[in-house]
Amino acid sequence: MNNPYLPHQAKIQDIKQETTGDRVIKTFKLVLEEPPYRESFAYKPGQCGMLGISGVGESMISITSSPTQKDAIAFSIMKMGKVTSAIHGKEVGDTLTLAAPFDSGLNFLQVLGLSGGMPTLVSVNKDRFEDALLALGVPRSEVDALRKD
Ligand SMILES: Cc1cc2nc3c(=O)[nH]c(=O)nc-3n(C[C@H](O)[C@H](O)[C@H](O)COP(=O)(O)OP(=O)(O)OC[C@H]3O[C@@H](n4cnc5c(N)ncnc54)[C@H](O)[C@@H]3O)c2cc1C
């Protein structure tokens, strides 16, 4: 199993500017440079990674790409301070370090609730809401706990 605390080199494959204004958000697609690590790298929805720039620092950022997408790992980053501004200054072909994956401390249902996904799921799958949660990988114990609320 990979050690998530060890940083690995990751090359920027693509940058997409998502918003303009004071709080710019850019989505960075990264490709891990070491083939054995790239091939064995796996993560779950809701997990995060520590993105770093040597001599500047590291920031915890959520992974926004699907775990089934194997070509690159995406991170949507708001320009806030020292580290995120330095990342925003990077270009395609530059490298960052990535230490991952980490849990955010939120479970799947909390992530859905915070992201606004819960009302969508409920409205789309009202009759089969529990089946939909189980199909999405929510543990049976969490689905059963919802019924008790
Ligand atoms: C589990 C987790 C997941 C995260 N996922 C993402 C993500 O997907 N995308 C993303 O853009 N960020 C995400 N963040 C926030 C991100 O880690 C911080 O914005 C980043 O570390 C700030 O580092 P910096 O060096 O750029 O700013 P700093 O130089 O440390 O901070 C500059 C100033 O901005 C303030 N500040 C910093 N961050 C924020 C903020 N988010 N909101 C309001 N004020 C702030 C600080 O208090 C400080 O005054 C996540 C944080 C955590 C803990």
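Output the residue which, of all residues in the range 56-80 that are surrounded by 13 or more Cβ atoms within 10 Å (Cβ to Cβ), under 9 Å from the mean Cα position of the chain (by Cα) and of a type in the set (S, T, Y), is nearest to K26 (Cα to Cα).
Filtering the range 56-80 for residues that are surrounded by 13 or more Cβ atoms within 10 Å (Cβ to Cβ), under 9 Å from the mean Cα position of the chain (by Cα) and of a type in the set (S, T, Y), the one nearest to K26 (Cα to Cα) comes out as S76.
Within the set of pairs 6+ apart or on separate chains, which have a first residue in the range 9-24 that is free of Cβ contacts under 8 Å to residues at least 60 places away in the same chain, a second that is surrounded by 11 or more Cβ atoms within 10 Å (Cβ to Cβ) and in a loop (DSSP other than H, G, I, E, B), and C-beta atoms under 7 Å apart?
Within 7 Å, the pairs are Q17/V24; R23/K79.
Go through the range 1-37 residue by residue and tally those that are of a type outside the set (A, V, I, L, M, F, W, C) and within 16 Å of the ligand (Cβ to nearest atom).
14
For the range 63-101, which residues satisfy the criterion of being in contact with an Asp or Glu (Cβ under 8 Å, 6 or more places away or on another chain), more than 10 Å from the ligand (Cβ to nearest atom) and not in a loop (DSSP other than H, G, I, E, B)?
Hits for the range 63-101 are T95, T97, A99.
So E18 fits all but one of (1) loosely packed, with under 12 Cβ neighbours inside 10 Å; (2) at pLDDT 95 or above; (3) within 15 Å of S62 (Cα to Cα); what number is the exception?
It is condition (3) that E18 fails.
Only one residue in P45, P4 is part of a loop (DSSP other than H, G, I, E, B), touching a residue at least 60 places away in the same chain (Cβ under 8 Å) and touching a strand residue (DSSP E or B) at 6+ places or on another chain (Cβ under 7 Å). Which one?
P4
The values are calculated or read from the model by the stated rules, or taken from the named source; none is laboratory data. What you are looking at is a predicted structure, and each value in this text was computed from that prediction instead of being measured. Cβ sites come from the backbone with ideal geometry, for glycine too, and all protein chains shown count toward neighbours.
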